[in-house]
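The values are calculated or read from the model by the stated rules, or taken from the named source; none is laboratory data. Since we're looking at a predicted model, the values are computed, not measured. Cβ placement follows ideal geometry from the backbone for every residue including glycine, while neighbour counts extend to all protein chains displayed. Please note that ligands, DNA and RNA were not included when accessible areas were found on the heavy atoms of the full protein model with its side chains. Shrake-Rupley method; radii C 1.70, N 1.55, O 1.52, S 1.80 Å.
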Amino acid sequence: MSEPERLRPIPAITRDTQFWWDGIQERQLLIQRCSACGNLRHPPGPMCPSCHSLDWETLASSGRGEIYSFVSFHHPPIPPFDVPNLIVLVELDEGTRVVSNLPGVPSDQVRVGMPVQARFDELEPGRLFLQFEPA
Amino acid sequence: MSRRKSRLKNAAAIAGIGATEFSKDSGRSELQLALEAISSALEDAGLQHSDVDGMVNFSMDNNPANEVNRYLGGDHLTFFSRIHYGGGAACGVVHQAAMAIHAGVADVVVVYRAMNERSQQRFGTGVQDRPPVPTTENTNYGWHSPYGLLTPASWVAMQARRYMHEYGATSEDFGRVAVADRKHAATNPKAWFYQRPITLEDHQNSRWIVDPLRLLDCCQESDGAVAIVVTSTERARDLRQPPVLINAAAQCMTNDQMMMTGYYSDHVATLPEMGIVAEQLYATAELTPDDVQAAIIYDHFTPFVLIQLEEFGFCKRGEAKDFIRGGNIEMGGGLPVNPHGGQLGEAYIHGANGISEGVRQLRGTAVNQVEGAEHVIVTAGTGVPTSGLLLGIDEG
Ligand SMILES: [Zn+2]
């Protein structure tokens, strides 16, 4: 009997963060926005640190941004991730940052400041993941 | 607020240090390691097991104080506490001890860290959060784990890349930290890498772990234990060893602090929590960087050593790469860093072995002794809520 195929880690999701993961499954990159003062925040949480409001809504990001930092993961190889695995910290045009992957780009061609665009890849059956590509 | 001057100056002292050997497979339980290190620290101090009335350990330590105290054969404890946030607790445990002694809730507090981190529970193998319990802490890992950002090296590498971008540091600059640590370890018989120095070329030829971090940028994994006995300065003066005074102790978490993944603030290329620890230490001890002759800088990964040197004011922001050139952080340099070899060279005991080294430097008993050491900085884990100590000789 072969080993069951390893899947990407399932994130822990709380009532504060469910909307973000639901958004990904609907091909939307959402950003939490304070209903009182308009402050954007990511990672999302229950209270606005600027004005202490518990009320929030969401903004659909354009998905445009630029590489703020990046790493190329080599060791230890952790299934199901291929190595090297390019992991990027993207600063979105809206101002918040998000961690994701930049698949198919050699790490020596990645630069801080490089423009990128979000996309949604079905990397596992029925499960979409936020990924980025060069813009 | 960040420049807070506390009332802890010289209130407490380190009276004893103890440790097991440092290895890759201790061959005994973590609980036994803890007990051995504590016994040895009490012996060093000239205290009895029954003198202990307080204990502080890391929340990541697998040996709760009650289990340790059941076998220690001492007395009841009137103070016990645990500090969270991995290696960020390293100096925080001593801070807790000093506060408890200053407040009069305990007289002799033992702090310890005991782990079979290599043979039993390796931190570098990655966070396995399937299926995760949706705790607040696990939720944070979830922003990174689905993309493969799963190990401490990878978390630090992301900040390191940004630091390189902002200040022009290179992989060779990181390598100079590893070379210094390994040079020091090479003459420390207790170090795992005793008699095994490396060159900058070795560093540059070592394989990528998570680019921009190479194998030789990453601290080793170790089995071992360290214990430290803290008591009042007054009582320490009557004990076996010359007291090493806690000139100051401090903790900090910022108002946007994350746990190893501080990617979302305006200071990805700095460690502001450590800067605020530094400000508190200097303010409380009424000292400046010029008064410090040696520094034990937490070195789980080399890039954060550079940033910490900047946060402590040993050099200007972004200039650590210049500060460390020409052997300036090696023995005989302007600021010897990690004369024991650090966690890259001696052992990775979550920073606790660095506190012991600070004590030895001030007793004048270190194998790589910094001449005229009167004040030593010790730092704890970085990229997390953290802590620091400023230790000094007893001038009273
Ligand atoms: Zn608000």
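Among the residues of region B:13-29, count how many are more than 19 Å from the chain's Cα centre (by Cα) and buried (at least 22 other Cβ atoms within 10 Å of the Cβ).
Going through region B:13-29 one residue at a time, the tally reaches 1.
Tell me the residue from A:LEU30, A:LEU59 that is away from the ligand (no atom under 14 Å from the Cβ), more than 9 Å from every other protein chain (Cβ to nearest Cβ), of a type in the set (A, V, I, L, M, F, W, C) and open to solvent by less than 80 Å² (accessible area, probe 1.4 Å), please.
None of the others qualify; the one that does is A:LEU30.
State yes or no: is A:CYS51 within 16 Å of the ligand (Cβ to nearest atom), crowded, with 20+ Cβ neighbours inside 10 Å and outside the structural domain of A:ARG119 (by TED's automatic domain parsing)?
Spelling it out, it is not the case that A:CYS51 is within 16 Å of the ligand (Cβ to nearest atom), crowded, with 20+ Cβ neighbours inside 10 Å and outside the structural domain of A:ARG119 (by TED's automatic domain parsing).
Could you check how many residues of region B:297-344 are part of a helix (DSSP H, G or I) and closer than 18 Å to B:ALA380 by Cβ?
Going through region B:297-344 one residue at a time, the tally reaches 12.
Please find, among A:PHE70, A:PHE19, the residue that is within 11 Å of another protein chain (Cβ to nearest Cβ) and in contact with a strand residue (DSSP E or B) (Cβ under 7 Å, 6 or more places away or on another chain).
After applying the criteria, what remains is A:PHE70.
Looking at A:ARG41, A:ARG97, A:ARG119, A:ARG64 in this structure, which one is at the interface with chain B (Cβ under 10 Å from one of its Cβ atoms), away from the ligand (no atom under 16 Å from the Cβ) and of a type in the set (D, E, K, R)?
Sole residue among the options that is at the interface with chain B (Cβ under 10 Å from one of its Cβ atoms), away from the ligand (no atom under 16 Å from the Cβ) and of a type in the set (D, E, K, R): A:ARG97.
Name the helices (runs of 4 or more DSSP H) wholly within region B:81-177 that hold at least 2 residues that are within 14 Å of chain A (Cβ to nearest Cβ)?
By residue number, B:136-141, B:152-167.
Can we say A:ASP22 is away from the ligand (no atom under 16 Å from the Cβ), over 22 Å from A:GLU133 (Cβ atoms) and outside the structural domain of A:GLY113 (by TED's automatic domain parsing)?
Criteria met by A:ASP22.
One line per residue, one yes/no per condition, for (1) outside any strand (DSSP E or B); (2) surrounded by 19 or more Cβ atoms within 10 Å (Cβ to Cβ); (3) modelled with pLDDT of 95 or more:
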position	(1), (2), (3)
A:ALA36	yes, no, yes
A:PRO46	yes, no, yes
A:SER100	no, yes, yes
A:VAL105	yes, no, yes
A:GLU122	no, no, yes
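State which residue is farthest from A:GLU5 (Cα to Cα) when the search covers only region A:71-91 and only residues that are surrounded by fewer than 22 Cβ atoms within 10 Å (Cβ to Cβ) and touching a residue at least 40 places away in the same chain (Cβ under 8 Å).
Restricting to residues being surrounded by fewer than 22 Cβ atoms within 10 Å (Cβ to Cβ) and touching a residue at least 40 places away in the same chain (Cβ under 8 Å), the top hit is A:PHE81.
I'd like the full set of residues that are closer than 17 Å to B:THR170 by Cβ, more than 14 Å from every other protein chain (Cβ to nearest Cβ) and surrounded by 20 or more Cβ atoms within 10 Å (Cβ to Cβ), limited to region B:199-222.
B:HIS203
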